[in-house]
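The values are calculated or read from the model by the stated rules, or taken from the named source; none is laboratory data. All values derive from a computational prediction rather than experimental measurement. Every residue, glycine as well, gets a Cβ built from its backbone with ideal geometry; the counts of neighbours run over all protein chains shown. Remember, those area values only see protein heavy atoms, side chains included, never the ligands or the DNA or RNA. Shrake-Rupley method; radii C 1.70, N 1.55, O 1.52, S 1.80 Å.
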Amino acid sequence: MLCENIARAADGALLFAGQSVNALADTYGTPLYLMDEDRIRRNCRMYRAAFRDAFGEDALPLYAGKAASFRQIYRIMAEEGLGIDAVSPGEIGTALSAGFPAEEIYYHGDGKTDADIAYALDRGVGCFIVDNGDELISLSEQAAARSLRQKVLLRITPGIDPHTYHAVNTGAVDVKFGVPVETGQAMEFVRAALGMKSLEVAGLHCHVGSMVFDEDVFLRTIDLMVGFMADVRDELGFVFRELNVGGGYGVRYTDDDPMADIPARIGEVGARLRRRIAEAGLPLPRFLMEPGRSIVADAGMTVYTVCSVKRIPGYKSYVITDGGMTDNPRYCLYGAAYTVLHAAPRGKLRAIFDLAGRCCESGDIIQPAISLPAATCRGDRIAVCTTGAYNFSMASNYNRFGRPPLVMLRGGESYLAVRRETVEDVRALDL
Ligand code: LLP
């Protein structure tokens, strides 16, 4: 199977985290997001242990909440001892409402408004990751007005192409994030920040992309970041004490994707960092990363009920479900691949279908050309695997469909973490 939390019972019924997918769908209804809490915790512990081994005790993985942001996930992250990367007042407020400590929140974003900055400052968010010079000025003014000295990391763009798909390639020189090193602007950005009394410049940040499998990408990132740290020391006489190289490790959506050995990769990054830091004659910085997808993706599964099976002779066949691009827009946006499984056995004969949703546009496809039992019919349950990252968090109310509930699976039991959105919820903001 794609991941060890997916299995078939002796009668062929699909199991996720050891529980019957059909039974969960009966209990909670569909469409339904399932999240394997034990798997999330295991992934967190994998990161904590790999970080300790590679970089020492004070290194900290920050969970990138953009992958899946809801109250319960922040409780889990607090218990597992991870920090948080948040990108909006909504993510910050959700984390705080779960009791997540404000000091452990790193606040991201390339378009923070004055109101966003005020929101985070007033709640004691530990660190701002400043994206650009405009934000720097607003933040320093607002921090000064509150007599604060706000800790910041400065986001720079090292100029690396991580060979991933365009929408998630964030390290190249001409992307909208951060300040480029190549053009000389990053040095001026650091100089400006160091001149601001209300800011405490702790370190540097970069993020080169998502779904990264290329083993070389983070090693090249370390080379460039340490090189820039040495340039800053030489030119401005300043030594950074934190280095955050963002998120990005890839996960397996299908059997064709490689199996990434993340602890081994982190070990290599640690060795490279120590080497480059020693060569540059710098002190070892506290090391941070921001994994999102690799913590929650393989903990997720989405379950649908088939509404219709439509065969167009000589053309193609569709399995139309009660979900769609509203709960998983990733095929529509990126052409993302997924593994699709029928939740119960239905004979040996298979056929090829497009798995479609119920939104009013022909592009509403969850996954094209998948193999399912030929006898698949209305009422059957279909599971899409590895949907824990960027599905719930990217869901919409297009066509005014309510978003599915999110059910956590823990130790053989299940509980509701986010309830289903009702028609009343969907129209609740209309005046
Ligand atoms: N840090 C920063 C600054 C980021 O921009 C991201 C992802 C992460 C960390 C987490 O990266 P991860 O470990 O999850 O790869 N919606 C797209 C993914 C967008 C990623 C955006 N930034 C998708 O569904 O594939």
Listed residues 194, 404, 230: farthest to the positive end of the dipole of the chain (Cβ charges): 404
Paramagnetic reach from residue 148 in segment 60-83 [backbone N under 20 Å; point 7 Å along Cα→Cβ]: 65, 83
Rounded to 5, percent antiparallel among DSSP beta bridges of the chain: 50
Protection-proxy order for peptides 345-354, 151-160, each taking the mean of Cβ atoms within 10 Å per residue, highest first: 151-160, 345-354
Among 54, 374, 172, residue whose mean-square fluctuation peaks in a GNM of the chain (springs only between Cα atoms under 10 Å): 374
Kirkwood-based shape ratio for segment 108-291, expressed as Rg/Rh from alpha carbons: 0.98
Accessible area per residue, Å², segment 108-291 with all protein chains present, probe 1.4 Å: 41
Reachable aspartates and glutamates from residue 316, criterion Cα separation under 14 angstrom, eight or more residues apart if same chain: 354
Sulfur and carbon atoms: percent of accessible area, the chain [1.4 Å]: 51
Ordering of 142-148, 311-317 by burial proxy (mean other Cβ atoms within 10 Å per residue, highest first): 142-148, 311-317
Built amide H within the under 5 Å cut-off of residue 200, gap 5+: 150, 151, 152
Contour minus Cα-Cα distance for residue 352 and residue 115 (0.36 nm per residue): 80.3 nm
Residues of type lysines that residue 151 reaches as a straight line, Cα spacing below 29 Å, ignoring anything fewer than 8 places off in the same chain: 66, 112, 176, 197
Two-site label geometry, residue 428 and residue 173: point separation in nm, points 7 Å out along Cα→Cβ: 4.9
Label-point separation in nm, residue 400 to residue 123, each point 7 Å along Cα→Cβ: 3.1
Distance in nm between pseudo-label sites at residue 235 and residue 57 (7 Å out along the Cβ direction from Cα): 3.7
Range in the chain, longest, excluding exposed GluC sites (Glu not before Pro) [loop by DSSP; at most 11 other beta-carbon atoms within 10 Å]: 58-431
29 Å Cα-Cα reach of residue 310 towards lysines, excluding residues that sit fewer than 8 places from it in its own chain: 348
For the chain, calculated [θ]222 nm from helices alone, where every DSSP H run of n ≥ 4 adds -39500 (n - 2.57): -9000 deg cm²/dmol
Evaluated over the chain, the Cα radius of gyration and Dmax, each in Å: 22.9, 72
Full-extension gain in nm, residue 284 to residue 360, via 0.36 nm per residue minus C-alpha separation: 21.9 nm
Nearest 10 degrees, 0 to 90: helix 133-145 Cα axis against the chain principal axis: 70
Contour minus Cα-Cα distance for residue 23 and residue 49 (0.36 nm per residue): 5.8 nm
Unit charges on C-beta of K, R, D, E only; dipole of segment 108-291, Debye: 840
Cα-based convex hull, segment 340-391, per residue volume (Å³, whole number): 96
Most positive-pole-ward Cα, 92, 81, 331, against dipole of the chain from beta carbon charges: 331
Tilt relative to the chain, helix 262-280 - C-alpha long axis, 0 to 90 degrees, to 10: 10
In Hz, Karplus ³J(HN,Hα) per residue of segment 314-328 (6.51, -1.76, 1.60; θ = phi - 60°; x = Gly, Pro): x, 10, 8, 10, 10, 10, 9, 10, 8, x, x, 4, 5, 9, 8
